[in-house]
Amino acid sequence: MNWFKSQDGRGFLLALPAIFWLGVFFILPLFTIVVISFMSRGAGGVAELPYTLAHYDRTFGVFSVILIRSIRIASITTIVCLFIGYPLAFFISTRKNRNFQNLCLFFIILPFWTNFLVRTYAWRILLGDAGTINAILLSWGWIEEPLRLLNTEFAVLVGLIYGFFPFMVLPIYASIERFDFKFVDAAHDLGANDWTTFWRVVFPMTLPGVLAGSALVFIPSVGAFITPDLLGGTRGLMIGNLISRQFGGSGNMPLGSALSVVMMAVVLLTLLVYVRFGINREGDD
Amino acid sequence: MAYDIRLKNVVKVFSSGKHKGVVAVDNVSLDIEDGEFFALLGPSGCGKTTTLRMIAGFEQPTEGSILIRDEPMEHVPPFHRPVNTVFQDYALFPHMTVLQNIMFGLKMEGLSGDAAKQRAYEALELVRLPEVANRRPSQMSGGQQQRVALARALVKRPAVLLLDEPLGALDLKLRKQMQYELKSMQQQVGITFIYVTHDQEEAMTMADRIAVMSEGRVLQVGSPRDIYEQPQSRFVADFIGETNFISGTLESHDNGVGHVRLAQDTVVDVQMPKNFSLSSGAVTIPIRPERIGLLPNGNDSPFHNMEDITILTGHLLDSQYIGTDTRYTVKIPGDNEIVVRIQNVDYLETVDFEIGQEVQVFWSLKSTHVLDH
Ligand SMILES: Nc1ncnc2c1ncn2[C@@H]1O[C@H](COP(=O)(O)OP(=O)(O)O)[C@@H](O)[C@H]1O
Ligand SMILES: [Mg+2]
């Protein structure tokens with residue numbers, strides 16, 4: 001019996017630890033959350049019977065503004081990261097000098113060497129009313145009064161784009177790196193100009209990287225809570241903040257659960273798009 | 001005479017990367033005629049692909065000019081040149097079906113819909129693969145991909161088709177079959193083919209004319225027969241088929257016949273090429289093993305009294321049975337060792353030679369030739 005080729009039941013044993021892990025740390029909590037989201041709020045915010053749909057009502061009612069804002073912020077973050085990240089990844093991966101490529105990648109992941117919280121606090125200093133940016137603009141006489149930058153949706157966007165940008169660049173870099181430029185020659189040979197060659201050959205063939213990067217940026221952005229907490233104030237409040245509050249001291253666990261379930265549904269939908277276009281395509285090749 | 005492609009003193013120097021100043025193509029001039037099957041033949045690294053890529057427009061010549069149908073191509077990008085390429089590893093777009101691959105080039109011409117589809121199917125018919133239209137390149141064998149690559153290029157009806165070792169990845173049997181098919185396809189569509197290969201047999205069987213390249217230079221251009229029978233350099237003689245090189249000294253010549261001394265008492269006659277650079281001095285006589293006859297010494301050769309036959313005595317050093325032929329190695333005067341190939345047939349009386357025995361080798365003046373080095 002060859003373990004490396006095993007197609008029968010025994011190969012399943014290899015996956016057993018992972019299945020156990022998933023069961024205890026993922027399926028079980030998920031199931032609990034779903035159940036709790038249909039229960040009523042008891043004293044101190046815990047869940048109790050009877051079952052109710054009230055929390056979903058509120059989620060899609062009063063909180064829909066925040067839900068939509070979260071999706072909007074995550075979408076804009078993803079799109080901006082993509083528009084800056086794709087050309088950058090293209091630039092890096094087409095450099096002939098390997099050392100230069102590695103240096104560029106090093107600078108892209110350099111921010112990861114410091115704590116995320118610290119980096120986000122740094123943005124407070126930059127964006128504050130008396131912050132660096134306002135100070136510079138004032139001293140140049142471009143503005144009369146400090147701009148309101150901190151505690152806005154804009155600040156959240158800046159923080160998220162800054163924080164998740166590497167997750168967009170790296171997968172795209174990898175896919176362009178793998179791309180063979182003989183296909184560009186082939187497209188040119190068949191009469192396609194540079195523009196058409198890019199959109200009909202290069203982009204589709206590097207799409208797996210684009211989709212992976214987009215998923216890696218969108219998913220954590222939609223559920224972000226540290227960045228909006230520190231930079232967004234009330235105007236930049238996101239669903240992640242709402243959820244974290246419900247599980248705190250005088251919160252509402254069933255409501256928090258309902259919000260979580262809806263957020264997970266949003267994430268799942270994006271993943272479905274990814275699977276449909278990304279994995280499918282790669283599988284075909 | 002209409003020339004489809006002209007290369008005038010084309011030089012290509014690659015200066016990027018670590019190896020500064022690689023001269024990939026060195027002063028190449030070629031005139032390729034309308035409708036010709038033209039082969040670029042040479043060992044790996046001699047600049048064949050680079051030459052082809054300059055014609056296609058993927059590389060710019062460092063010096064010299066390229067004309068396609070009398071138009072200078074200097075500022076014409078690849079997508080505006082009336083040539084198409086069959087790439088060495090096909091370069092079929094993996095994210096498109098076969099049909100989409102073939103229609104890609106038509107779409108770029110603004111042709112779409114049923115008209116494009118019909119032409120694509122015609123191209124698939126031409127390469128005899130109509131049933132794979134909806135497959136992906138990865139779902140096909142190497143031979144099928146090769147045909148699709150051909151169809152994708154031919155569907156554009158280019159003036160000239162450039163093929164870079166298109167059969168290199170196929171196994172021997174399929175390669176032979178495709179050689180035949182390519183040749184007949186070329187005659188059918190009447191498009192000029194420039195065919196890059198390092199396989200001399202492939203070039204010989206398919207091409208109308210061959211340019212033999214070495215180290216970036218074109219050494220000789222001619223029909224397969226010219227190249228084989230009248231090689232103008234040692235490299236060409238050696239690269240194409242098997243050749244003996246007999247060294248001697250040219251003493252004199254008259255009426256196109258040179259007299260070359262191999263040893264003190266041995267002078268042989270050779271055909272002299274026109275405009276031969278030397279009138280005397282050290283020369284090499286290239287002669288093909290199958291053009292030499294072999295008889296036991298003492299036999300009265302049936303050719304003894306004929307003019308234009310050279311007969312030398314030597315002794316047999318080795319014999320090697322290789323199926324279709326037997327290869328004999330014979331030592332002849334002047335410290336020359338030559339290989340003689342005799343076909344193994346049984347409608348003639350066969351002679352059993354013994355190693356070490358005295359033999360006669362003989363050849364006709366017509367089979368001879370002389371090189372100046
Ligand atoms: N892009 C390039 N950069 C540097 N050197 C190159 C490049 N392409 C080819 N060469 C060099 O040019 C020479 C000829 O290459 P090539 O035309 O590919 O030969 P062939 O097709 O006959 O095998 C080789 O020495 C090769 O290393
Ligand atoms: Mg090559």
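Dipole magnitude for chain B: computed about the Cα centre from +1 point charges on Lys and Arg Cβ and -1 point charges on Asp and Glu Cβ, it is near 2040 debye.
Considering only DSSP states other than H, G, I, E and B, which chymotrypsin sites (Phe, Trp or Tyr not before Pro) in the range A:61-145 qualify as loop sites with at most 10 other Cβ atoms within 10 Å?
Listed in order of number, the matching sites are A:140, A:142.
Rounded to the nearest angstrom and listed largest first, the equivalent-ellipsoid semi-axes of chain B from its Cα gyration tensor are 48, 25, 17.
Summing charges over neighbours of residue B:353, with a neighbour being any other residue whose Cβ is under 15 Å away from its Cβ, gives -3 when K and R count +1 and D and E count -1. Comparing A:106, A:154, A:187 along the charge dipole axis of the range A:102-189, the residue lying farthest to the positive side is A:106, per the Cβ-charge model. The alpha carbons of the range B:71-195 give a radius of gyration and a Dmax of 14.1, 42 Å, in that order. Report, ordered by chain and residue number, the lysines lying within cross-link reach of residue B:117, taken as a straight Cα distance under 25 Å and ignoring same-chain residues fewer than 8 apart. Once the sequence-local lysines are set aside, what remains near residue B:117 is B:107, B:156.
If one computes the Cα centroid of the range B:75-128 and of the range A:230-257, what distance in Å separates the two points? The two parts, judged by their Cα centres, are 56 Å apart. Compactness of the range A:25-109 is given as radius of gyration and Dmax, 22.7, 66 Å, from Cα positions. With θ taken as phi - 60° and the Karplus curve 6.51 cos²θ - 1.76 cosθ + 1.60 applied, the whole-hertz 3J(HN,Hα) list for the range B:276-289 is 5, 6, 10, 10, 6, x, 5, 9, 10, 9, x, 9, 6, x Hz, x standing for glycine and proline. Residues considered: A:40, A:64, A:250. Largest GNM mean-square fluctuation over chain A, using C-alpha springs under 10 Å, is found at A:250.
For the listed residue pairs B:183/B:366; A:182/B:48; B:12/B:48; B:8/B:48; B:274/B:366, the alpha carbons are over 20 angstrom apart in B:183/B:366. Secondary-structure-derived ellipticity at 222 nm for the protein assembly as shown, considering helices only, amounts to -12500 deg cm²/dmol, per-run term -39500 (n - 2.57) for DSSP H runs with n ≥ 4.
Taking the square roots of 5 times each eigenvalue of the Cα gyration tensor of the range B:166-239, largest first, gives ellipsoid semi-axes of 23, 14, 11 Å. Computed over the range B:242-367, the quotient of the alpha carbon radius of gyration and 2.2 N^0.38 Å is 1.08.
In this structure, the amide hydrogen of residue B:25, modeled 1.01 Å from its nitrogen in the peptide plane, lies closer than 5 angstrom to those of B:12, counting only residues at least 5 positions away or on a different chain. Per-residue shielding of A:189-200, expressed as the average number of other chain Cβ atoms within 10 Å of the residue Cβ, stands at 6.
Here the range A:204-277 was treated as a single set of alpha-carbon atoms; its pair distances binned every 10 Å from 0 give 19, 39, 28, 12, 2, 0 percent.
Note on chain A: Rg/Rh from Cα positions, Kirkwood definition for Rh, rounded to two decimals, is 1.05.
For chain B, the longest principal axis of the Cα atoms and the long axis of helix B:172-189 meet at an angle of about 70 degrees.
Gyration tensor over the Cα atoms of the range B:1-92: the corresponding equivalent ellipsoid has semi-axes (square roots of 5 times the eigenvalues, largest first) of 21, 16, 14 Å. The simple Förster model, with R0 at 25 Å and r as the Cβ-Cβ distance, assigns residue B:13 and residue A:178 a FRET efficiency of 0.25.
Among the GluC sites (Glu not before Pro) in the range B:154-248, none sits in a DSSP loop with a Cβ that has at most 10 other Cβ atoms within 10 Å.
Remark: accessible surface ordering of B:26, B:70 (largest first) is B:70, B:26, probe radius 1.4 Å.
Binning the alpha carbon pair distances of the range B:191-313 at 5 angstrom intervals from zero yields the distribution 2, 9, 17, 18, 18, 14, 11, 7, 3, 1, 0, 0, expressed in whole percent. If R0 equals 51 Å, the separation of the Cβ atoms of residue A:133 and residue B:176 corresponds to a calculated FRET efficiency of about 0.10.
Looking at the range B:202-282, which trypsin sites (Lys or Arg not before Pro) are in a loop (DSSP not H, G, I, E or B) and have at most 14 other Cβ atoms within 10 Å? Spell out each step's value before the answer.
Values: sites: B:209, B:217, B:225, B:234, B:261, B:274; in loops: B:274.
Loop-located and lightly packed - B:274.
Largest GNM mean-square fluctuation across A:11, A:232, A:131, computed for chain A with C-alpha springs under 10 Å, falls on A:11.
Charge dipole (Cα centre; +1 on Lys/Arg Cβ, -1 on Asp/Glu Cβ; no other charges) of chain A amounts to roughly 320 debye. Each part gets one Cα centre, and for the range A:40-119 versus the range B:220-293 those centres are 79 Å apart.
Taken over the alpha carbons of the protein assembly as shown as equal point scatterers, the Debye sum produces base-10 log I(q)/I(0) values at 0.06, 0.08 Å⁻¹ of -0.59, -0.84. Across the options B:245, B:362, B:339, the greatest Cα extent toward the positive end of the charge dipole of the range B:242-367 (unit charges at beta carbon of Lys, Arg, Asp, Glu) belongs to B:245. In terms of overall dimensions, the range A:18-62 has a Cα radius of gyration and Dmax of 13.3, 40 angstrom. Test of understanding: in a Gaussian network model of chain B with alpha carbons linked when under 10 Å, which of B:25, B:270, B:212 would top the mean-square fluctuation ranking? Among B:25, B:270, B:212, the largest mean-square fluctuation in the Gaussian network model of chain B belongs to B:270.
Long hydrophobic helices in chain A: the complete DSSP H runs spanning 18 Å or more by Cα along their own axis with mean Kyte-Doolittle hydropathy of at least 0.5 are A:64-93, A:153-178, A:203-222, A:253-274. Peptide A:179-187 has a mean shielding of 6, counted as Cβ atoms of other protein chains within 10 Å of each residue's Cβ.
The values are calculated or read from the model by the stated rules, or taken from the named source; none is laboratory data. From a predicted model like this one, the values you see are computed outputs, not experimental measurements. In this analysis, Cβ positions are derived from the backbone assuming ideal geometry, glycine residues included, and neighbour counts consider all displayed protein chains. Only protein heavy atoms, including side chains, enter the accessible area calculation; ligands, DNA and RNA are left aside. Shrake-Rupley method; radii C 1.70, N 1.55, O 1.52, S 1.80 Å.
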